[in-house]
Amino acid sequence: MLLIIFGVNSAFAVNDNVLLSEKFPRTLSEYGFFEDTKAQQPSEGVLPYELISTLFSDYSKKQRWVYVPEGSHATYQRDWVFNFPVGSALIKTFYYPLDERNPDAGMNMMETRVLLRKDSGWEAVSYAWNETQTEANIKIAGKTINTSWIDEFGDMQEVRYRIPNKNQCKECHAANDEITPIGPKARNLNSIYPFTDGPKNQLTKWIDEEFIKDYPSDLLKTTDWKNITASLDNRARSYLDINCGHCHSSTGAANSTGLYLNLSETRKKHLGIYKKPVATGRGSGDLQYSIVPGKPEESILLLRMLSTDPGVMMPESGRALTHTEAVELIKDWISSM
């Protein structure tokens, strides 16, 4: 018997029609990003990635994936994220390990956030995981979840995890008043990742998968801010770049402040050194300058990182806890000036 096969499609494939639809699907699984949604096993064409330095979100961990439709590719943009083609998606799951001392204990997935590149630009939507961790459901209006985990020292930690509503996404994910990704800049992907077919530089892998065609060789050097063998200046600047630089830049939501913390900024005044605040109100704590070299206790930048007061703290959203390790890093950085 002659068997003729006209075409075979993977049983697990991204649904491009759903990505481009005017309406968001009610559940995460409808996109087809994962072969196994609960296990977060990506479908064909969905590639995991990680950033050299990451955004702080109340000590939550993150898993990230990228999807670029077949036949298209993203293009390099200097000092900014790749320009992804229509139909692309960036997927990020926020979770807490049940016990940081024992990775095999499992994890508690809180939210999967999806950025979709549509004809009109980027759109963001969040999905909250159910108690059985089998599905994530859309949360246009956001959600607050009380959760806890055991940290690396064996201490129980608690947090009110906040899933942003659709409008709050723009508080961080904005440039020139339009929604945009933050993390996947070429310089923040220039590192080795343990792919299933072996470790490889992520940018090289993206070329192999035809997600991108090329990138320049003279990328700015991003440092993992947790890497204590790296220079203090590189660690501090990389931390401020990913956590603050997307807003505090000439195109970001905080462009009017004149405080620019992106990695490419070199002007001392714009980096905050002896810079007077602009319309910070009580956020200044009656201090005079964003950064006073050698005096972290007199620097507004550190004050706002320390605070959890909504009228003082920075960032204004996305956290309820103080990032203790980063506070120490920036304190040491300012002290060293």
Mind telling me which of the residues 199, 184 ends up being in contact with a strand residue (DSSP E or B) (Cβ under 6 Å, 6 or more places away or on another chain), surrounded by fewer than 16 Cβ atoms within 10 Å (Cβ to Cβ) and modelled with pLDDT of 90 or more?
-> 199
Which one of 138, 150, 207, 179 is closer than 30 Å to residue 249 by Cα and either out of contact with any strand residue (DSSP E or B) (no Cβ under 6 Å at 6 or more places or on another chain) or at pLDDT 95 or above (or both)?
-> 207
Could you grab me the full set of residues in the range 27-39 that are more than 19 Å from residue 100 (Cα to Cα) and in a loop (DSSP other than H, G, I, E, B)?
-> 32, 33, 37, 38
Verdict on residue 256 being free of Cβ contacts under 8 Å to residues at least 24 places away in the same chain and either out of contact with any His (no Cβ under 9 Å at 6 or more places or on another chain) or buried (at least 19 other Cβ atoms within 10 Å of the Cβ) (or both) | yes
Of the conditions (1) of a type outside the set (Lys, Arg); (2) within 30 Å of residue 249 (Cα to Cα); (3) modelled with pLDDT under 95, residue 103 clears all except one; give me its number.
-> (2)
Tabulated pairs, the range 189-214, first in contact (Cβ under 8 Å) with a residue 60 or more places away in the chain and assigned by TED's automatic domain parsing to the domain that holds residue 74, second charged (D, E, K, R) and surrounded by 12 or more Cβ atoms within 10 Å (Cβ to Cβ), C-beta under 8 angstrom, 6+ apart or interchain = 191/50; 193/50; 193/200; 193/205; 195/205; 202/50
Please enumerate the residues belonging to the range 215-233 that are without any contact (Cβ under 8 Å) to a residue 40 or more places away in the chain and within 16 Å of residue 266 (Cα to Cα).
-> 219, 221
Is it true that residue 101 is of a type outside the set (A, V, I, L, M, F, W, C) and surrounded by 15 or more Cβ atoms within 10 Å (Cβ to Cβ)?
-> no
Within the group 71, 87, 106, which residue is on the phi > 0 side of the Ramachandran plot, touching an Asp or Glu at 6+ places or on another chain (Cβ under 7 Å) and not hydrophobic (A, V, I, L, M, F, W, C)?
-> 87
Here the residues within the range 289-328 that are under 19 Å from residue 254 (Cα atoms) and of a type in the set (S, T, N, Q) are 290, 299, 307, 317
Evaluate the following for residue 236: is it touching a helix residue (DSSP H, G or I) at 6+ places or on another chain (Cβ under 8 Å), in a helix (DSSP H, G or I) and touching a residue at least 60 places away in the same chain (Cβ under 8 Å)?
-> yes
Candidates 204, 223, 180 - the one that is under 16 Å from the mean Cα position of the chain (by Cα) and closer than 30 Å to residue 70 by Cα | 180
Matching residues in the range 145-157 - criterion: being more than 13 Å from residue 97 (Cβ to Cβ) and either touching a residue at least 60 places away in the same chain (Cβ under 8 Å) or surrounded by 10 or more Cβ atoms within 10 Å (Cβ to Cβ) (or both) | 145
Give the residue, chosen from 300, 330, 273, that is of a type outside the set (Ser, Thr, Tyr), in contact (Cβ under 8 Å) with a residue 60 or more places away in the chain, touching a Pro at 6+ places or on another chain (Cβ under 7 Å) and surrounded by 15 or more Cβ atoms within 10 Å (Cβ to Cβ).
-> 273
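Here is a yes/no grid of residues against (1) in a helix (DSSP H, G or I); (2) closer than 30 Å to residue 78 by Cα; (3) in contact with a Gly (Cβ under 6 Å, 6 or more places away or on another chain):
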{"site": "262", "(1), (2), (3)": "no, yes, yes"}
{"site": "265", "(1), (2), (3)": "no, yes, no"}
{"site": "277", "(1), (2), (3)": "no, yes, no"}
{"site": "303", "(1), (2), (3)": "yes, no, yes"}
{"site": "309", "(1), (2), (3)": "no, no, no"}
Residue within the range 218-232 that is at pLDDT 95 or above and outside any loop (DSSP other than H, G, I, E, B) present = yes
Enumeration of residues in the range 57-89 that are under 25 Å from residue 265 (Cβ atoms) and touching a strand residue (DSSP E or B) at 6+ places or on another chain (Cβ under 6 Å) = 74, 75, 77, 81, 82, 83, 84
Under 26 Å from residue 67 (Cα atoms), touching a Phe, Trp or Tyr at 6+ places or on another chain (Cβ under 8 Å) and in the same structural domain as residue 39 (by TED's automatic domain parsing): does that describe residue 109?
-> yes
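The values are calculated or read from the model by the stated rules, or taken from the named source; none is laboratory data. Quantities reported herein were computed from a predicted structural model and do not represent experimental measurements. Cβ atoms come from the backbone with ideal geometry, glycine included; neighbour counts cover every protein chain shown.
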